[in-house]
Amino acid sequence: MTLSAGNYGFAMNLHMVDVVGQYKKIKQEIDSAIQKVVESGQFILGKEVGELECEVAGYLGVRYAVGCASGTDALQVAMMALGIGAGDEVITTPFTFVATTETIVLLGAKPVYVDIDPKTFNIDPARIEAAITPHTKAVIPVHLYGQSADMDPIMDVCRKHNLKVIEDSAQAMGASYKGKKVCTFGNIACISFIPSKNLGAFGDAGMVVTNDVALGERMRMIVVHGSKEKYHHEILGVNSRLDTLQAVVLGVKLRYLEQWNSARQLSARRYDELLTETPVTLPYVSPACQHIFHQYTLRAPKRDALAAFLRLKNIPHAIYYPIPLHLQKAFAIAGNKKGDFPITEQAADEVISLPMHTELTDEHLGYITDAIKDFYNAN
Ligand SMILES: Cc1ncc(COP(=O)(O)O)c(C=O)c1O
């Protein structure tokens, strides 16, 4: 059905992410899991947290998983476990959510940026070596929008220079690279479970995973004030525990993750078909990757005018990310200026993300893409 651009966005019940619609489909399972926790009174680090850690480790194929309070904390805990601190440099992308850089700076280290691949929006592996100095300790590739960074050349250059790799997998739970799930390549991977993620809790939640058991045990101590035994603090830690209530919500949802990721892939394919005749650049999917479309992100000519038009039609959309991290005041410590990472800066001016979630219907997709066609027919 073609619904051309009236003011129907609200009536269409369009959301950027439809967490309530998704909940309604699995309400009974979720409600009963939550009820059990409430009746047990074990709200912090209940046995369900350990069960979820095992399930996530099994799903990803890693040896060790530790729940924590957020994806941001996961990054901080990972870097603390690797001993990253003052005087160290950490290489990452400037085209990511603020948490990736924020945690580097919080620990007293310096973010060193490397520009992105214009097709995938992920860190360009060919540019990493030139950014390495004697102070470089680690590289944090971010699997942006649900597609893995190009891990083979990243791992090669890190092995050559003896650097640690922390995968920021916040946006890519379930994505894979050359047949292997992300989170299994680096020394540590960090996951965010905020409600909008492909596997989303009912609040803040995160996890760190690793194949290195010693590192896993260190991270398990760090998230509980650096202790194994209560009131015995062996190393510096933080308070970053995964709530039992969040763990049971995630446990139920994990069973649906593959199915939900497939639903997102189908919607992405449908968007592609419906938008082929328009001047936008569709998301590029590398042949090495299973993209799980955390976001469906286009490069759009006249992006800001398109965004204003969509807003008029009540069609949700977002710009991830309008200001690259090397141009953010808070991270002036990196010493960068406009023009340093032109591919990132161009992406920030051109990208726009459309609604993407598990409850999208053909009618939604038709309505959204008709509005985009209407915009380009008139502009
Ligand atoms: C790439 C990236 N890294 C880190 C985070 C931080 O995760 P959280 O919001 O759970 O702290 C997010 C998400 O919000 C993210 O998208």
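The values are calculated or read from the model by the stated rules, or taken from the named source; none is laboratory data. This is a predicted model, so every value here is computed, not measured. Reconstructed Cβ throughout: ideal geometry from the backbone, glycine too, with neighbour counts over all protein chains shown.
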Here the residues within the range 186-214 that are surrounded by fewer than 24 Cβ atoms within 10 Å (Cβ to Cβ) and away from the ligand (no atom under 16 Å from the Cβ) are Asn187, Asn211, Asp212, Val213, Ala214
What number of residues in the range 87-105 are closer than 15 Å to Ala332 by Cα and of a type in the set (D, E, K, R)?
2
Answer yes or no: is there a residue in the range 310-330 that is among the small types (Gly, Ala, Ser) and either more than 16 Å from the ligand (Cβ to nearest atom) or buried (at least 19 other Cβ atoms within 10 Å of the Cβ) (or both).
no
Go through the range 226-236 and report how many residues are farther than 21 Å from Leu52 by Cβ and either among the basic types (Lys, Arg) or within 26 Å of the chain's Cα centre (by Cα) (or both).
1
Which pairs do you get when a residue that is closer than 14 Å to Gln22 by Cα, found in the range 175-203, comes within reach of a residue that is among the β-branched types (Val, Ile, Thr), reach meaning Cβ atoms under 6 angstrom, with the pair 6+ apart or on two chains?
Pro195/Val19; Ser196/Val17; Asn198/Ile292; Ala201/Val249; Phe202/Val249
Yes or no: the range 249-265 includes at least one residue that is within 16 Å of the ligand (Cβ to nearest atom) and either at pLDDT below 95 or more than 18 Å from the chain's Cα centre (by Cα) (or both).
yes
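Out of the residues in the range 286-306 meeting the condition of being of a type in the set (A, V, I, L, M, F, W, C) and surrounded by 18 or more Cβ atoms within 10 Å (Cβ to Cβ), tell me which one is farthest from Asp115 (Cα to Cα).
Ranking the qualifying residues of the range 286-306, first place goes to Leu306.
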